[in-house]
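Single-structure report; data block below.
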Amino acid sequence: MDSVLNQPLRKLARKIRHNARWVLRISWETCPGLISGLTVGKILNSALPAALAWITRGLINAIVDTSQQGLRDLTPIIPWLLYGLALVLANAVLDFITENLNRRLADRMQVHMDMQTLEHATRLDLSWLEDPEFQDIAQRARQNTSGQIISFLTEFFNLFSNSLKIIGIIIVLFAIDPLIVLITLPTVMPYLWFKWRQSRARFTKEFRRATQRRWANYYSSLVSNRRFIPEIKLFRLADLFLDRYRTLISRFIDEDRQLHTLNLLGNFVFALVFSVFFYLLFARVAWLVLEGSLTVGDVAIFAGATKTLRDMLVSLAGHVSRMMESTLFIENLIILLGIQPRITTGAGKIPDPLRGRIEFRNVSFAYPGSRRTVLKNVTFTIEPGEIAALVGKNGAGKSTIVKLLCRLYDPVEGAILLDGVDLREIPLDYLQQQIAVVFQQAAHYEASAADNIALGNWHGLSDRRQVEEIGRLAKVDEMIREMPEGYDTMLGRNFGEYDLSGGQWQRLVLARGLAKQDAALLILDEPTRTLDAEAEFQLFSGFDTIAAGRTTLLISHRFTTINLARQIIVMDRGRVIETGSHQELLDKGGYYASYYELKERHRQLRGRMRQ
Ligand code: ATP
């Protein structure tokens with residue numbers, strides 16, 4: 001999106017109209033009753049100032065007439081007093097009602113827009129979330145956009161009501177002396193223009209700040225995130241990060257201060273100019289009264305109504321500029337909601353019967369937004385029910401294969417087939433339901449131990465018995481029962497008081513991966529990385545049951561794990577360089593054999609060091 005300040009005014013005005021219509025349409029669809037109520041309330045409310053001015057005029061004229069006749073009688077005055085009282089009461093009741101409706105509208109819209117944004121974010125795929133440009137868009141949209149929508153609606157209704165009030169007052173003033181209106185209105189135009197420039201400048205500043213704001217958020221989260229705290233303390237990094245945070249925030253504050261000062265200056269100049277005109281006009285009205293063409297009541301109206309008009313024009317300028325500013329900010333939300341997922345659900349082809357044959361056919365891949373090809377012409381097949389292992393150095397591309405298989409990304413070239421059907425043609429929900437997976441960087445949920453397992457198949461598990469069964473299958477049942485409240489123990493230190501070690505978490509994450517017992521594919525990315533020897537042994541002793549009837553893909557650097565596989569796929573720098581069984585690959589004497597030999601030498605070296 002090009003900078004707002006560089007856009008021609010016509011284009012910008014079109015954008016503002018478009019965004020305003022967008023907000024009004026969404027608000028109308030979400031709360032038609034509240035919008036109708038507010039409209040009626042504001043229309044009624046807007047007739048009040050003109051009516052009050054007219055009543056004041058009547059009241060003063062009645063007093064002057066009565067006193068000029070030398071009467072001491074309140075009768076001609078009382079009706080005006082009653083009208084005034086009724087009007088003031090009506091004003092209070094209407095204010096109460098519209099304020100209430102406004103509050104309810106704000107609450108409803110807040111929930112609606114927050115939910116829309118969150119739901120949309122969950123539909124977007126990983127590649128968007130890793131894209132720095134998208135992060136900037138999301139950062140801008142996060143910048144209190146639902147607040148901006150509410151502010152737009154509030155300003156819109158205030159503007160609506162203010163405009164009607166101004167029309168009423170103008171009619172009243174016009175009736176006294178058209179010159180008052182003809183002089184007052186043009187003095188406001190430069191002020192409106194000034195306010196609009198200010199809004200545009202504020203928006204552009206905020207727009208350009210998105211990346212810096214993300215840096216600021218990043219630094220502030222570093223010093224308050226539990227995962228980083230040990231390093232930050234030990235490496236004494238707190239001052240460094242706080243300093244960077246302070247530098248960014250101070251720059252924002254300095255820039256804002258300049259704008260703020262300019263704003264105050266503009267308001268001051270406008271008040272000054274308006275006051276000069278006001279007193280010049282006052283002299284004219286006084287002259288007209290002395291001439292006998294206006295009454296004393298007209299003077300009172302002039303004084304009251306001109307001041308009200310001035311206040312209303314000032315607040316109108318405020319409403320217009322804030323409304324326009326809000327529509328510019330809302331643009332960020334419209335952009336965010338307009339972003340579509342790159343991974344779309346398949347046309348509806350389902351392998352029948354589902355056997356679980358995986359085939360990578362000439363798959364090449366680069367992460368979105370990156371020019372580096374991380375997989376090159378990868379081709380391999382895993383037969384139904386087979387256990388296969390992916391082996392290779394760090395960065396060879398093993399986890400990328402897993403992400404492609406789960407359709408977190410799609411290949412740039414080639415195809416991945418499940419039982420001969422391209423993954424892109426299979427309905428996404430169905431495909432993901434068929435995959436039981438443990439990712440290398442798995443989530444640790446702030447939830448009970450039972451829920452940490454059940455979240456792996458939240459819709460498929462109906463009771464605690466099934467969760468415990470999975471716990472036994474994954475060999476974590478005993479570990480969980482030793483926790484203070486067994487399966488009900490709350491894990492994580494954000495809400496509870498109990499946490500797990502790295503290895504314990506990994507065992508639990510593994511159990512979660514096994515929660516989809518009917519899944520045709522089982523994928524475990526480094527499942528034993530942090531397990532102790534006993535936990536690893538326990539897991540493998542029951543691995544036949546875990547893998548029974550499904551195709552399994554293991555990723556590991558440990559030969560204890562690799563040994564479970566019938567087929568080993570060796571990768572190097574994004575390519576498959578060897579495939580075969582353990583023995584076949586050793587006999588071949590290639591990369592795998594030297595990798596194995598290296599591990600053996602390590603083992604022997606460790607043995608010698610211990611002696
Ligand atoms: P390891 O054994 O260390 O887990 P791996 O074989 O699983 O390594 P991958 O995680 O698949 O390796 O990474 C393959 C390459 O892709 C690496 O060079 C890495 O820099 C790059 N890469 C991984 N994730 C991303 C990402 N989200 N965006 C851009 N590049 C990435």
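The values are calculated or read from the model by the stated rules, or taken from the named source; none is laboratory data. No experiment lies behind these values; they were computed from the predicted model shown. Using ideal geometry, Cβ is built from the backbone for each residue, glycine included, and neighbour counts are taken over all protein chains shown. For accessibility, only protein heavy atoms count, side chains too; no ligands or nucleic acids. Shrake-Rupley method; radii C 1.70, N 1.55, O 1.52, S 1.80 Å.
Structure data summary
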| read-out | value |
| --- | --- |
| D (Stokes-Einstein, µm²/s), Kirkwood Cα radius, region 476-600, 1.002 mPa s at 20 °C | 129 |
| Given charges at Cβ of Lys, Arg, Asp, Glu: the chain dipole, positive-most of 341, 326, 502 | 326 |
| The chain: relative contact order as a whole-number percent, Cα under 8 Å and 6+ apart | 14 |
| Kyte-Doolittle mean at least 0.5 and Cα axial length at least 24 Å: DSSP H helices in the chain | 48-68, 145-176, 238-291, 296-338 |
| Solvent-accessible area per residue, Å², over the chain with all protein chains present [probe radius 1.4 Å] | 53 |
| Compactness of region 402-521 - radius of gyration and Dmax, Cα, Å | 16.2, 51 |
| Where trypsin sites (Lys or Arg not before Pro) in DSSP loops with at most 10 other Cβ within 10 Å are excluded, longest remaining stretch of the chain | 373-611 |
| Gyration tensor (alpha-carbon) shape descriptor, region 86-186, a/c threshold 1.5 | oblate |
| Charge dipole magnitude, Cβ of K and R +1, D and E -1 - region 82-162, Cα centre, debye nearest 20 | 400 |
| Rg(Cα)/(2.2 N^0.38 Å) for region 501-575, N = residue count | 1.11 |
| Furthest towards positive pole of dipole, 543, 571, 589, structure part region 525-611, Cβ charges | 589 |
| Rel. contact order, % - alpha carbon contacts under 8 angstrom, at least six apart, region 280-414 | 18 |
| Estimated dipole of region 23-134 in Debye, rounded to 20 [Cβ of Lys and Arg +1, of Asp and Glu -1, Cα centre] | 780 |
| Normalised per residue, the volume of the convex hull around the Cα set of the chain (Å³) | 225 |
| Links that overshoot a 20 Å alpha carbon limit, given the list 393/599; 15/195; 15/165; 15/205; 398/475; 376/403 | 15/165; 398/475 |
| Heavy atoms of residue 592: accessible area, 1.4 Å probe, square angstrom to 10 | 0 |
| Helical mean residue ellipticity (222 nm; -39500 (n - 2.57) per DSSP H run of 4+; nearest 500) of the chain | -21500 deg cm²/dmol |
| Check: the chain dipole with +1 on Lys, Arg Cβ and -1 on Asp, Glu Cβ, in debye | 1780 |
| Cβ-based charge dipole, the chain, positive-most Cα from 96, 179, 405 | 179 |
| GluC sites (Glu not before Pro) restricted to DSSP loop in region 81-131 with at most 15 other C-beta within 10 Å | 130 |
| Mean-position separation - Cα centroids, region 256-272 and region 31-71, in angstrom | 33 |
| Pairwise centroid distance, computed over Cα atoms, of region 118-190 with region 456-523, Å | 50 |
